[in-house]
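One structure below.
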Amino acid sequence: MKNYKSKALTEAGLITALVVMLSLINSYVPVFSMLGNFLIPIPFAVLYLRQDKFMTFGSVFASAFLMAMLYNPIEGILASVIFGLTGITLGFCIKKNKSMFFTIASLAFVSIIGTLFRFVIYIILINKQSVASFVNELLKLFNSSINESIKFYTNMGVDTNTLEPIKEYLKLFTPELILSVIPAFIILSSIISGYLNYILSYSILKKLGYNMKNLVSFRNIYVNSKTGAIIGIFLLVGVILNRYNVPYSNYIVNSTGVIMKFVLMIDGLSLAVYYMVNKFHISKAFITFIIIFVAFSPISILLFYLGLMDIIFDFRKLDPNRNYNME
């Protein structure tokens, strides 16, 4: 028992040292931060898998204390806790043999909590700003930057009529609109973060001998009927509330609309890739070219309708909520 505790403490100490080192690099080397945000939680996940939650929480608190001493008290503690909770969540899902989608959803939930904590601490408590004033300041900086660019191109001799659509487009970005879609962007960015976290963790932990659910190929990603129904219900409720002028109902409408469009376009893109690979045997390079072309062109709306039809008809027969007669 004594040897086991000594081994566990040694591993926890090594993990803590590794996390602190990676966190300091992440803080002082901006180029590394893109990768570091997804890499740092992995040691905590490994410790959770090898030991237990109590030893892992101890390592998280030790890392937070050291980062507070070596870097910045608020950011050090906040980042260490968020990385720690992400790693523990990942380790729990792996140990319980949870599916890829459940794991990504869990990681996304932790990311949402972390984003909200950062916002509350930095914007509300430290800067003592409201959400609206913070958005207004960002919008003023953004508009100022764009106006300077327009002025530069005008001085370079660019026709003002050419720049007029840009000015009209900027008028759409009102503080009210941005505020109403912030929930959607927090949710979507957290899902993307969870997905990227899972991909990196999978590539590393598999090599270390840990059993993770296999990555689902992009062409097999789908939106099941229950998820589609839930999003649709939220949108319908938002529209009804907005019709009766219920305060903040536009938040539900706009955020749910953004989420629905994103989800259906991803489903539609996955369906398109599925048919290009499985039915037409198109090369990956050409598929990548097609995806980039479609994504940045007006016909990208077709992906939305493809996703909508896939939810209704389930062309690939991937939805487990439906019963198909296999005879």
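A few remarks follow.
- Where helices (runs of 4 or more DSSP H) sit wholly within the range 1-114, those with at least 3 residues that are surrounded by fewer than 19 Cβ atoms within 10 Å (Cβ to Cβ) and not small (Gly, Ala, Ser) occupy 2-28, 30-39, 53-70, 73-95.
- One residue alone among 195, 202 is under 19 Å from residue 263 (Cβ atoms) and not acidic (Asp, Glu), and that residue is 195.
- Of the set (1) part of a helix (DSSP H, G or I); (2) among the basic types (Lys, Arg); (3) exposed (fewer than 15 other Cβ atoms within 10 Å of the Cβ), all apply to residue 322 but (1).
- Within the range 123-151, the set of residues being in contact (Cβ under 8 Å) with a residue 24 or more places away in the chain and more than 24 Å from residue 166 (Cα to Cα) comprises 126, 131, 132.
- Residue in the range 231-242 that is out of contact with any helix residue (DSSP H, G or I) (no Cβ under 8 Å at 6 or more places or on another chain) and under 18 Å from residue 258 (Cβ atoms) present: yes
- Near pairs, Cβ below 9 angstrom, 6+ apart or cross-chain, from the range 156-183 (in contact (Cβ under 8 Å) with a residue 12 or more places away in the chain) to any residue that is not in a helix (DSSP H, G or I): 180/248
- Complete set of residues in the range 129-178 that are acidic (Asp, Glu) and at pLDDT 80 or above: 137, 148, 176
- Exactly one residue among 193, 249, 201 is among the small types (Gly, Ala, Ser) and outside the structural domain of residue 43 (by TED's automatic domain parsing), and that residue is 249.
- Helices (runs of 4 or more DSSP H) lying entirely in the range 215-302 (those with 1 or more residues that are free of Cβ contacts under 8 Å to residues at least 40 places away in the same chain, farther than 26 Å from residue 101 by Cβ and among the charged types (D, E, K, R)): 225-243
- Verdict on residue 17 being within 27 Å of the chain's Cα centre (by Cα) and of a type outside the set (Phe, Trp, Tyr): no
The values are calculated or read from the model by the stated rules, or taken from the named source; none is laboratory data. On a predicted model such as this, the values are computed, not experimentally measured, just so you know. Positions of Cβ are generated from backbone atoms using ideal geometry, with glycine treated the same way; all protein chains shown enter the neighbour counts.
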